[in-house]
Amino acid sequence: MHAFVGIGKTMAIDWYKEFVDTNYEPAKDDLVCLYYFEPAAGITKEEAAGRIASESSTGTWTTLFTMPPRMKKLEATAFEFDKNFVKIAYPLQLWEEGNAVQLMSGIAGNIFGMKALKNLRLLDATLPSAYLRGFKGPHFGMDGIRKMMKVYGRPLTGAVPKPKIGFSAKEHAEVGYETWMGGFDFVKDDENLTSTSFNRFDDRVKYMTKLRDKAEKETGEKKSAFLNISADVETMKKRADLLAEYGWNYAMIDVVVAGNASVMTMRDYCSDLGLAIHAHRAFHSAFDRNRKHGMTMYFLAKIMRLIGVSQIHTGTAVGKLTGTKTESILLADLLRKKKITEVPHQCLAQDWGSIKTAFPVSSGGLHPGLVPDVLDIYGKDLILLVSGGIHGHPKGTRAGARATMQAIEAWQDGVTLEEKAKKATELKEALAKWGHYKPK
């Protein structure tokens, strides 16, 4: 322990080591976090971990004159070290019921700016059942979404009109119509399309509704869209009202930039309107791409399932965005399973109890030639978004969507794409252009 030499006596200054106990056994209702950390020069691992536990619970940089004894029970405890990984247990009483904003302020707050830490990364947190009780989770669950869309036994499919921004509302809807007519279930706004001067949200909804109804009548299939309502909360509510008025069953939110608080509000508002939430993860890589610092996409996805989105982007492992096969599988399991098993240095055990499931969304640089690779990773329970990979088809969007559906059929039937392409013209044309190319 550091000390200050006063006049004729030694006075303790810091108390970080009081927040470290390698013999501690977490209580049933403790919230346990897994961190990767690197101490700054001259700081031991125990001192660094003590600072994390202290700053994220009841401690501060110095000993205090007034410290009621009862507060000892509220201290976080760093209790398990493994190389540069540490587990820290937090008493349940530290956390407000049903407030994911406050949780993030604690376990992912000031601790990231401490000079005693060279790097710090929040990998995961086990949320005890007593904490889960404060949250509703997804309104529909995967089964509810499948029932809503009347799609079973295969992935649900969707595409963003490309270029992602620049179309008028009418042009956007026309590309959407071709997407639906090619067999896709959804048309999706991209993250930076909300209500621009050349494509107002209200206009887009009206044009999309007209062509959705036409596509449903012509195909006999349910069609829908992820229309981006992201804005301030009051504007999002108005946009959600409009979607419900025109018979839509989804709203899309850029959940990271919108923030946990707005997503928590909109979860209940959208649920009352019968709208599922498609969560786009724009901005996530600003804090999760650095393997040594920040927070994982895994924990972001966990928070989003907790506060109630119906699906969230989780990567492809084979497309244009970062993310490994292992990470994609872990993310899919996190969203789709009731119980999660701990994977050392990556994630902790989690029992979701009554919290419903959510769909993983695979997107980013996909085309028909990569569909089997993605489905080998995810299986059939996902939202598969293939955008540039249908619009870039030599015969256009409708043919590109058909080629993707043919690729899905090939995977379901256990045959190669080349074998399927002998009797599937659109797939044959897609393979002639892209083959099995993996974008970078």
**OP:** For region 250-269, enumerate the residues that are assigned to a helix (DSSP H, G or I), touching a Ser or Thr at 6+ places or on another chain (Cβ under 9 Å) and buried (at least 22 other Cβ atoms within 10 Å of the Cβ).
**Re:** 255, 258
**OP:** Hey, can you tell me all the residues within region 199-234 that are of a type in the set (Phe, Trp, Tyr) and open to solvent by less than 30 Å² (accessible area, probe 1.4 Å)?
**Re:** 201, 226
**OP:** Take region 51-98 and flag every residue that is modelled with pLDDT of 95 or more, assigned to a helix (DSSP H, G or I) and either more than 30 Å from the chain's Cα centre (by Cα) or surrounded by fewer than 13 Cβ atoms within 10 Å (Cβ to Cβ) (or both).
**Re:** 93
**OP:** Hey, can you tell me all the residues within region 102-122 that are loosely packed, with under 15 Cβ neighbours inside 10 Å and either of a type in the set (A, V, I, L, M) or assigned to a loop (DSSP other than H, G, I, E, B) (or both)?
**Re:** 109, 115
**OP:** Identify the residue in region 3-30 that is over 20 Å from residue 92 (Cα atoms) and under 42 Å from the mean Cα position of the chain (by Cα) and, among all such residues, is modelled with the highest pLDDT.
**Re:** 17
Subject >> Matching residues, region 176-193, being of a type in the set (A, V, I, L, M, F, W, C) and open to solvent by 30 Å² or more (accessible area, probe 1.4 Å) >> reply: 181
**OP:** Kindly indicate whether residue 198 is farther than 30 Å from residue 340 by Cα and out of contact with any strand residue (DSSP E or B) (no Cβ under 9 Å at 6 or more places or on another chain).
**Re:** yes
**OP:** Output the number of the condition that residue 196 fails; it satisfies all remaining conditions of (1) farther than 19 Å from residue 287 by Cβ; (2) buried (at least 20 other Cβ atoms within 10 Å of the Cβ); (3) among the β-branched types (Val, Ile, Thr).
**Re:** (2)
Original post:
Given the residues 280, 284, which is the only one that is at pLDDT 95 or above, open to solvent by 10 Å² or more (accessible area, probe 1.4 Å) and over 22 Å from residue 437 (Cβ atoms)?
Top reply: 280
**OP:** Give me a count of the residues in region 253-264 that are over 23 Å from residue 224 (Cα atoms) and of a type in the set (Val, Ile, Thr).
**Re:** 2
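Kindly provide the set of residues from region 163-175 that are within 23 Å of the chain's Cα centre (by Cα) and crowded, with 17+ Cβ neighbours inside 10 Å, ordered by number.
165
Can residue 46 be described as at pLDDT 65 or above, of a type in the set (D, E, K, R) and surrounded by fewer than 18 Cβ atoms within 10 Å (Cβ to Cβ)?
Considered against the rule, which asks whether it is at pLDDT 65 or above, of a type in the set (D, E, K, R) and surrounded by fewer than 18 Cβ atoms within 10 Å (Cβ to Cβ), residue 46 comes out as yes.
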**OP:** Scan 440, 395, 420 and give me the residue that is over 31 Å from the mean Cα position of the chain (by Cα) and under 16 Å from residue 370 (Cβ atoms).
**Re:** 420
**OP:** Considering only region 332-358, state which residues are among the small types (Gly, Ala, Ser), open to solvent by 30 Å² or more (accessible area, probe 1.4 Å) and in contact with a helix residue (DSSP H, G or I) (Cβ under 6 Å, 6 or more places away or on another chain).
**Re:** 353
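Condition check ((1) free of Cβ contacts under 8 Å to residues at least 24 places away in the same chain; (2) farther than 29 Å from residue 191 by Cα; (3) out of contact with any Pro (no Cβ under 9 Å at 6 or more places or on another chain)) across all residues:
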residue: 391; (1), (2), (3): no, no, no
residue: 395; (1), (2), (3): no, no, yes
residue: 412; (1), (2), (3): no, yes, yes
residue: 429; (1), (2), (3): no, yes, no
Original post:
Looking at residue 247, is it modelled with pLDDT of 95 or more, within 20 Å of residue 157 (Cβ to Cβ), more than 18 Å from the chain's Cα centre (by Cα) and open to solvent by 10 Å² or more (accessible area, probe 1.4 Å)?
Top reply: no
Subject >> First in region 236-263 and more than 28 Å from residue 216 (Cβ to Cβ) and aliphatic (A, V, I, L, M), second anywhere and modelled with pLDDT of 95 or more and surrounded by fewer than 18 Cβ atoms within 10 Å (Cβ to Cβ), Cβ under 8 Å, 6 or more apart >> reply: 261/101
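The values are calculated or read from the model by the stated rules, or taken from the named source; none is laboratory data. Note that this is a predicted model, so its numbers are computed, not measured. Every residue, glycine as well, gets a Cβ built from its backbone with ideal geometry; the counts of neighbours run over all protein chains shown. Ligands, DNA and RNA are stripped out before the accessible areas are found, and what is left, the full protein with its side chains, is counted by its heavy atoms. Shrake-Rupley method; radii C 1.70, N 1.55, O 1.52, S 1.80 Å.
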